[in-house]
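Written out below as structure tokens is the structure these notes cover.
The values are calculated or read from the model by the stated rules, or taken from the named source; none is laboratory data. For clarity, every value in this text was computed on a predicted model and none was experimentally measured. Cβ atoms come from the backbone with ideal geometry, glycine included; neighbour counts cover every protein chain shown. Quick note on the areas: whole protein, heavy atoms, side chains included, nothing else; ligands and nucleic acids left out. Shrake-Rupley method; radii C 1.70, N 1.55, O 1.52, S 1.80 Å.
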Amino acid sequence: MGGKRKREIDEECLEYRYKELSIPRNEIRLLSLQPGRFDDELRCTLRNVSLDENPEYHALSYTWGDPANPKPVLINGSIFNVTVNLYDALQHFRDPFGLRTFWIDALCINQNDLLERSKQVLRMRDIYFKADRVEVWIGKGDESDYTAIEL
């Protein structure tokens, strides 16, 4: 991405603000990863949905990684910083042609809201159980990782 475009995004986009979850509606948040090429900017939408309505999504299980050098993702037009490991996962799981919908704890739970976080963590069993599929990301590999997996 060119320097000028990067500055425009930084100036125009504020940090992402979560919409409150409805407890009576049994809501969770789902992240829709917009299509794009591997190196394109990561753009997503985050929406509240009722788990009772059996939404279609994949749950992502991954290691959070080091928060020291975050990378920006656009969520609903606002900047949200994620760990390099999550950024890499989103790049690899993005479909170049279609939307992909995920439940990802670091993004779908407001980590700064301790009450919400504690309630949502207690629901993670149901969230993973109701997912259409659970994707696992352990990080970028090198040649020795692939050899070990083959063995």
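Conditions (1) open to solvent by less than 20 Å² (accessible area, probe 1.4 Å); (2) modelled with pLDDT of 95 or more; (3) out of contact with any Asp or Glu (no Cβ under 8 Å at 6 or more places or on another chain); (4) not basic (Lys, Arg), marked per residue:
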residue: Pro24; (1), (2), (3), (4): no, no, yes, yes
residue: Leu31; (1), (2), (3), (4): yes, yes, yes, yes
residue: Thr45; (1), (2), (3), (4): no, yes, yes, yes
residue: Leu60; (1), (2), (3), (4): yes, yes, no, yes
residue: Asp95; (1), (2), (3), (4): no, yes, yes, yes
Quiz item: If you scan segment 129-151, which residues turn out to be exposed (fewer than 14 other Cβ atoms within 10 Å of the Cβ) and either closer than 26 Å to Lys19 by Cβ or modelled with pLDDT of 95 or more (or both)?
Solution: Phe129, Asp132, Arg133, Val134
Quiz item: Counting residues that are over 17 Å from Arg29 (Cα atoms) and of a type in the set (D, E, K, R), which strands (runs of 3 or more DSSP E) fully inside segment 41-151 reach at least 3?
Solution: none
Practice problem: Search segment 71-91 for residues that are open to solvent by 20 Å² or more (accessible area, probe 1.4 Å) and pair each with any residue that is of a type in the set (Val, Ile, Thr) and part of a loop (DSSP other than H, G, I, E, B) when their beta-carbon atoms are under 7 Å apart and the residues are at least 6 apart or on different chains. | Solution: Asn85/Thr63
